[in-house]
Amino acid sequence: MASPMSAGGFLKALKAEGVTVVEVGDWRHHNRNHKGPWGPVHGVMIHHTVTRGSARTVDICRKGYEGLPGPLCHGVVTKDGRVHLVGYGRANHAGLGDDDVLRAVIAERALPRDNEANTDGNRHFYGFECENLGDGEDPWPAAQLEAVERVAAAVCRHHGWTERSVIGHLEWQPGKVDPRGFTMASMRTRIRDRLR
């Protein structure tokens, strides 16, 4: 069980891992904490946005949209490899997911198939949205994939987690397909190698 990093500690961890960070507005205090607790944290969740254009993507992830208020993540990984911090604390990114998956993440063991949505993931996961249409054709530039690797490794390094604490939204919530265009197994291998 881990307490979330402070916002300052989060920023420091990302920079120490070589992440190019863009701070957006008062991201340190932009959250959904009034809707429930933030923490204990157990892992990192990766998403794709189904959007095009970095400025628009960052704006949507910060403000949200009708029916889903922002922030929609903690950081937005744009195609150029920069990470835009849009919120910190509870964020609307994970939604309800499978409690068996959460137990596997906590134990850092192989993930079971997600087959139910009964557990609040917004409380337990750091979330990163990645600018991509999610159609399986929109490219994932090398700089963007490296940034995903670095942000996840930064959080894992701080908490003493392995790559098994990093999951995709598709591994958490039935019906989700993100991130699409690379496999989480390949990303976890990259994160494992970086943590070594």
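The values are calculated or read from the model by the stated rules, or taken from the named source; none is laboratory data. Quick caveat, the model's predicted, so the values are computed rather than measured. Here Cβ is always computed from backbone atoms with ideal geometry, including for glycine, and neighbour counts include all displayed protein chains. Accessible surface areas use protein heavy atoms only, side chains included; no ligands, DNA or RNA. Shrake-Rupley method; radii C 1.70, N 1.55, O 1.52, S 1.80 Å.
Hey, can you tell me all the residues within the stretch 82-107 that are in contact (Cβ under 8 Å) with a residue 24 or more places away in the chain and open to solvent by 50 Å² or more (accessible area, probe 1.4 Å)?
Of everything in the stretch 82-107, those that are in contact (Cβ under 8 Å) with a residue 24 or more places away in the chain and open to solvent by 50 Å² or more (accessible area, probe 1.4 Å) turn out to be 82, 96, 106.
Per-residue answers, yes or no, for (1) without any contact (Cβ under 8 Å) to a residue 12 or more places away in the chain; (2) within 20 Å of residue 16 (Cβ to Cβ); (3) buried (at least 21 other Cβ atoms within 10 Å of the Cβ); (4) touching a strand residue (DSSP E or B) at 6+ places or on another chain (Cβ under 6 Å):
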residue	(1), (2), (3), (4)
136	no, no, no, no
141	no, no, no, no
147	no, yes, yes, yes
152	no, yes, yes, yes
155	no, yes, yes, yes
162	no, yes, no, no
165	no, yes, yes, yes
169	no, no, yes, yes
172	no, no, yes, yes
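Report, by residue number, each residue of the stretch 116-126 that is surrounded by fewer than 24 Cβ atoms within 10 Å (Cβ to Cβ) and either part of a strand (DSSP E or B) or of a type in the set (D, E, K, R) (or both).
Residues satisfying the conditions are 116, 119, 120, 123.
Run residue 7 past the list (1) open to solvent by 40 Å² or more (accessible area, probe 1.4 Å); (2) under 20 Å from residue 159 (Cα atoms); (3) touching a residue at least 40 places away in the same chain (Cβ under 8 Å) and report the number of the one that doesn't hold.
For residue 7, the failing item is (1).
It is to be established whether one or more residues within the stretch 174-186 are surrounded by 15 or more Cβ atoms within 10 Å (Cβ to Cβ), in contact with a Leu (Cβ under 6 Å, 6 or more places away or on another chain) and either assigned to a helix (DSSP H, G or I) or modelled with pLDDT under 95 (or both).
no
Looking at (1) farther than 23 Å from residue 7 by Cβ; (2) more than 16 Å from the chain's Cα centre (by Cα), which is the only condition residue 180 fails?
(2)
Would you confirm whether or not the stretch 112-126 contains a residue that is closer than 14 Å to residue 17 by Cβ and touching a residue at least 60 places away in the same chain (Cβ under 8 Å)?
Yes.
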